[in-house]
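Below: one structure, written as C-alpha cells.
Computed from the coordinates by the stated procedures, all read-outs in this text should not be read as laboratory data. All figures in this text were calculated on a predicted structure; none of them were measured in a lab. Here the Cβ positions follow ideal geometry from the backbone for every residue, glycine too, while neighbour counts run over all protein chains shown.
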Amino acid sequence: MPLLYKAFQSQLPTKSGEYLYYPRLVKAGTIDSTEIAKKVSWATSLTVGDVQNVIHSLTEVMSDHLMNSMSVKLDGFGTFTMMVSAKGNGVKEESDVSSTQIGGLRCKFTPEYTRRQGNGGITRALTENVRYVNIATLGVVAAAGGDNSGDNGGDDGGGGWIDPTA
C-alpha cells in the first residue's frame, strides 16, 4: 500500500499574494494493538496473547524511561524522545527559566537510519522504498480516509487497516 496524499491549499499567501497548493498525506485508517498483535502472531511462533503482553509491557517500560529524561531506542525501528515547548513564554534571564513556562509535552519519534544512499543521502528503515499515490486518482477510496492535517495522532474515523499484500 502506498502513502496516499491529496492537494492542500495553503492559508498563507506567498510574497506575490498567491495561495499555493501542496501535497498533504491522508490516513487510510488506524490499526490498534490488537490487530498488530494478530499480524505479529501470524508471522511468528508467538500467540496473540503473548504479543499483547509484550506490547503492554513495552509501553510501560518505555513510558517509565521517557518520563525519567531518557530516550528509548528500538533497534531497527527508531528512537523516542520527550520534547517540551514554551509556547512563546520566553524569559530574558537564564536564571528565570522554570517549568511554569512549559506549555506542551510531546513524544518525538525518529525512524532509525539504515544506510547511505548512492546520492549521499540517508534512508530510514521505515521510509525506504516509499510509493506515493494521489488520492484523487483512486476515486471511491477517497471517501474512506480522512486527512491528518491536525496531526493529533488520533483515529480519523477512516476505513481501518488496509492489508498491503491485498
(request) Could you please let me know if Thr79 is in a strand (DSSP E or B), without any contact (Cβ under 8 Å) to a residue 60 or more places away in the chain, hydroxyl-bearing (Ser, Thr, Tyr) and out of contact with any Leu (no Cβ under 8 Å at 6 or more places or on another chain)? (result) yes
(request) Look at region 64-103 and say how many of its residues are among the basic types (Lys, Arg) and farther than 30 Å from Glu128 by Cα. (result) 2
(message) Give me the residue from region 74-115 that is over 25 Å from Val54 (Cβ atoms) and touching a helix residue (DSSP H, G or I) at 6+ places or on another chain (Cβ under 6 Å) and, out of that set, surrounded by the fewest Cβ atoms within 10 Å (Cβ to Cβ).
(response) Asn89
